[in-house]
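Okay, so here's the structure we're looking at.
Each value in this text was obtained by applying a stated rule to the coordinates, not by laboratory testing. Note that the structure is a prediction, hence the values are computed from the model and not measured. So basically every Cβ, Gly included, is an ideal-geometry build from the backbone, and we count neighbours across all protein chains shown.
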Amino acid sequence: MDLHKGSCLCGEVNYKLDSEIKRVVNCHCNFCRSHSGAAFSTFAVVPFASLEIAKGKEKISAFQFGGGEKHFCGTCGTPIFNVNKKYPGLCMIYLGTLEKAGDITPAVNIWCESKLGWVDTLSSIHSLAQGPERK
């Protein structure tokens, strides 16, 4: 039974998860910031055995780092999931790739010792429903 589905931006890689998400975390470590290009990464943690690449397995590229491996679409570059030796048997799915990411809320911020100072002020900055008007 597929409990969750997701894909990369271009649709070349599709995956299914047949287990519940164990936890959703915002990771603020320097490594996650560097390899995602963002202020933090949000992951859905699931058993690795529950991940099935339904389409495009051959399109997935990998980057090995000290303790694990980042997997991403080799066509569009979308990060799909990471595995890490610190967390055997688990994989970290990038939340933005899940079909129903809007229904999922992070439960915890981790590696806050390296969190960017302005992250805690996000709710107080000016927000637009869509991008700014082009002038």
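In terms of surrounding Cβ atoms within a 10 Å radius of their Cβ, 35, 28, 71 rank from fewest to most as 35, 28, 71.
The GluC sites (Glu not before Pro) of region 1-56 that meet both conditions, a loop assignment by DSSP and at most 13 other Cβ atoms within 10 Å of the site Cβ, are 20.
Among 41, 36, 123, 19, the ranking by other beta carbons within 10 Å of each residue's beta carbon, starting with the fewest, stands as 123, 19, 36, 41. Taking other C-beta atoms within 10 angstrom as a stand-in for reagent exposure, 13, 45, 24 fall in the order 45, 24, 13, fewest first.
Running a GNM on the chain with Cα contacts under 10 Å, which residue among 125, 93, 104 ends up with the highest mean-square fluctuation? Residue with maximal mean-square fluctuation among 125, 93, 104: 125.
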